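Below you'll find the structure, written out as structure tokens, and then a few comments.
Coordinate-derived values only; no laboratory data. All values derive from a computational prediction rather than experimental measurement. We place every Cβ from the backbone using ideal geometry, glycine too, and count neighbours over all the protein chains shown.
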Ligand code: AMP
């Protein structure tokens with residue numbers, strides 16, 4: 001596995017490897033990230049992962065310095081997963097002092113995480129566009145765990161006619177249903193025990209809505225279940241799977257998405273409906 005930290009090293013490595021599948025990450029890797037690498041391997045092309053904690057996608061009130069970092073552990077896991085190349089740019093490489101452009105995103109970026117975290121998706125789209133320009137992957141792999149993010153990336157990739165296939169990968173969960181996340185380590189023991197209520201509420205509501213129950217009542221019951229588990233729901237909504245626009249009744253394709261605070265952690269999850 002080649003580890004590169006500068007653009008000349010990256011381009012030399014890519015010249016040897018040919019087109020790669022790209023797995024963009026912010027490090028602190030877990031089995032969810034490794035599932036993206038495994039999906040990339042299935043394409044029978046070399047696999048590149050990037051690790052970059054992107055300051056542009058953190059808001060002024062969000063603690064960038066608290067974001068977990070474990071480069072040695074990450075590299076060991078990527079080598080084990082059969083990664084061919086790891087791209088570890090520094091902030092000056094991603095955001096040179098004369099850089100003057102960022103990407104503006106609308107459509108699926110507007111609501112939910114976009115409203116809760118102003119500038120977040122513009123930061124995500126900007127860093128992903130830069131990674132695409134640097135690595136020029138044939139395909140890039142993103143987790144359905146961040147459903148809205150995948151739709152935002154698909155949208156801007158199509159809008160700018162970027163020649164990259166965007167491949168969504170199903171969410172990897174703990175046995176009790178909690179979606180794996182780098183931030184789960186910040187849950188206190190009692191919060192960790194309560195956290196699976198999020199996925200349980202989503203799957204229950206999705207089954208009710210698929211079975212013909214009223215959408216508003218099912219969503220209300222799910223929110224109450226989150227509150228009963230000690231969470232503060234930020235949103236819990238039935239949305240068009242690609243548009244992220246709220247829906248009052250079941251249409252295809254449809255997604256149930258949620259974000260809820262539990263202690264100091266904001267948990268995100270989503271499931272398919274119907
Ligand atoms: P992050 O390092 O948190 O920015 O995540 C990097 C990529 O891994 C994103 O595409 C995430 O959606 C994906 N990812 C994170 N957690 C999971 C998970 N539990 N299952 C599948 N993919 C995930």
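Overall shape: prolate for region 63-107, with the ratio a/c of the largest to smallest alpha carbon gyration tensor axis at 1.5 or above and a/b above b/c.
Arranged by the count of other C-beta atoms within 10 angstrom, fewest first, what order do 41, 5 take? List each step's numbers first, then the result.
Numbers: 41 18, 5 12.
With the sparsest Cβ surroundings first, the list reads 5, 41.
Compute the FRET efficiency between residue 252 and residue 3 as 1/(1 + (r/R0)^6), taking r as their Cβ-Cβ distance and R0 = 35 Å, and round to the nearest 0.05. Please list the in-between numbers first.
Working: r = 44 Å, r/R0 = 1.25.
Efficiency, rounded to the nearest 0.05: 0.20.
Per the Debye formula with a single identical scatterer at each Cα and no solvent contribution, what log10 I(q)/I(0) holds for region 182-273 at q = 0.10, 0.18, 0.24 Å⁻¹? After summing over all Cα pairs, the log10 values are -0.24, -0.73, -1.14. Taking all Cα pairs closer than 8 Å and separated by 6 or more residues, the relative contact order of the chain comes to 18 percent.
Antiparallel DSSP bridges in the chain: what percent, to the nearest 5? All intermediate terms of the calculation are to be shown ahead of the outcome.
Numbers: 19 of 37 bridges.
Percentage antiparallel, nearest 5: 50.
Quick check: from the Cα gyration tensor, does region 1-58 come out rounded (a/c under 1.5), prolate or oblate? Note, shape of region 1-58 comes out oblate.
Label-to-label distance, residue 193 versus residue 173, with points set 7 angstrom from Cα along the beta-carbon direction: 2.1 nm. With R₀ fixed at 30 Å, the C-beta to C-beta distance from residue 204 to residue 90 puts the FRET efficiency at about 0.10. Counting neighbouring beta carbons within 10 Å and listing from fewest to most, the residues 156, 121 come out as 156, 121. Could you tell me how far the Cα centroid of region 215-247 sits from the Cα centroid of region 97-143, in Å? Using only Cα atoms to place each centre, the spacing works out to 25 Å. In the calculated pair-distance distribution of the chain, the portion above 22 angstrom amounts to 58 percent of the Cα-Cα pairs.
Classified by the C-alpha gyration tensor, region 63-206 has a prolate form. Its axis ratio a/c, with a ≥ b ≥ c, is 1.5 or above, and a/b is larger than b/c.
For the residue pair residue 185 and residue 232, what label-to-label distance in nm results when each label sits 7 Å from Cα along the Cα-to-beta-carbon direction? Between residue 185 and residue 232, the label points sit 2.5 nm apart.
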